[in-house]
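Below: one structure, written as structure tokens.
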Amino acid sequence: MTRRRIALVAAAAATMIALAGCTSDGGSDDASDEPAASFEAGTTMAALQEAGTITIGTKFDQPLFGLAGPSGEPEGFDVEIGKIIASELGIDEGDIKWVETVSANREPFIENGQVDLVVATYTINDDRKKVISFAGPYYMAGQSILVLADNDDITSEDDLVGQPVCSVTGSTPAANLKELGADVLETDTYSNCLEPLRNGAVVAVSTDNVILAGLAAQNEGEFKVVGEPFTEEPYGIGVKLDDTEFRMFINDVLEESYEDGRYEEAWNSTAGTVLPFVDPPAVDRY
């Protein structure tokens, strides 16, 4: 049990003692009236709790992790992780403002305060940690390859050298492809890579395996994921660079969700419909 949870349990116990023997006809019988978490004044957590709302950046075009549903609201594993964090601030999911956040604008959105945090298949790396901070990781993905269903010529990253391959501007996979020697066609979203793949402008799309699995599942029979992942992509939650308290709070929430089953439930209801559940990686409290 984390220190934060112990403090909350103690606060709850104190509240129950204070209320003991003070029941009356005017008292509430609502079992959901639990004491709210208490945060130190001046912290991001206290400000968000007082506001009663939070703005979260996520992808709107990635099946299984962040995809805009019929209502316009995003759905997926990243979205569910965002809801878990909000709930620990006492914020209902209906009070979350979701902002579409593509690979190229994740850091600027955090730096400029356009979002409070970003959960968007966001790989932790040293360059990004120079401008923002990461909680997590909460999932370990790996870069892989998506090709047309009838393409048997490309089986590994070695087959991409010198070939036209689509990925997203500002993404880790695009940088990896350039280092590999592929001719990279860059666009703003992975869904925009599918038409160039269909018409032969590129031979493959390359990004994290979980994203490609979602695209293949959404377009059944058109595409397939080939080869083994050739990188490790630890997904983290982006916050402002110097907001250590908020980062550590999110790490606490992640660890608690691993223990109490909320993490696995979030996975099984979203990405778990296509991909097997794997234990989450240990958070990095750097």
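State all residues of the stretch 71-96 that are touching a residue at least 24 places away in the same chain (Cβ under 8 Å), of a type outside the set (A, V, I, L, M, F, W, C) and over 21 Å from D61 (Cβ atoms); if no residue qualifies, say none.
E88, G90, D95, listed by residue number.
If you go through the stretch 252-260 one residue at a time, do you hit one that is buried (at least 22 other Cβ atoms within 10 Å of the Cβ) and assigned by TED's automatic domain parsing to the domain that holds D158?
Within the stretch 252-260 (the criterion being buried (at least 22 other Cβ atoms within 10 Å of the Cβ) and assigned by TED's automatic domain parsing to the domain that holds D158), the answer is no, since none of the residues qualifies.
Testing G162 on (1) free of Cβ contacts under 8 Å to residues at least 40 places away in the same chain; (2) in the same structural domain as D243 (by TED's automatic domain parsing), one condition comes back false. Which one is that?
All conditions are met except number (2).
Residues that are over 26 Å from A104 (Cβ atoms): list the strands (runs of 3 or more DSSP E) wholly contained in the stretch 172-286 that include at least 1 such residues. Explain how you work it out, then say what you get.
Working: elements: 183-187, 204-208, 223-226, 233-240.
Strands (runs of 3 or more DSSP E) meeting the threshold: 223-226.
Quick check on S171: is it crowded, with 19+ Cβ neighbours inside 10 Å, in contact (Cβ under 8 Å) with a residue 24 or more places away in the chain and in contact with a Leu (Cβ under 9 Å, 6 or more places away or on another chain)?
Numbers: crowded, with 19+ Cβ neighbours inside 10 Å: yes; in contact (Cβ under 8 Å) with a residue 24 or more places away in the chain: yes; in contact with a Leu (Cβ under 9 Å, 6 or more places away or on another chain): no.
Here the answer is no, as S171 does not meet what is asked.
Can you tell which of S103, S156 is touching a Phe, Trp or Tyr at 6+ places or on another chain (Cβ under 9 Å), at pLDDT 95 or above and not acidic (D, E)?
Working: S103 fails: at pLDDT 95 or above.
Step by step, each of S103, S156 is checked, and only S156 is touching a Phe, Trp or Tyr at 6+ places or on another chain (Cβ under 9 Å), at pLDDT 95 or above and not acidic (D, E).
Taking G200 as meeting all but one of (1) farther than 25 Å from G82 by Cβ; (2) crowded, with 19+ Cβ neighbours inside 10 Å, write down the number of the exception.
Among (1) farther than 25 Å from G82 by Cβ; (2) crowded, with 19+ Cβ neighbours inside 10 Å, the lone unmet condition for G200 is (2).
The values are calculated or read from the model by the stated rules, or taken from the named source; none is laboratory data. The model shown is predicted, which means the values in this text are computed figures rather than measured ones. Neighbour counts are summed over all protein chains in view; Cβ atoms, including those assigned to glycine, are modelled from backbone coordinates with ideal geometry.
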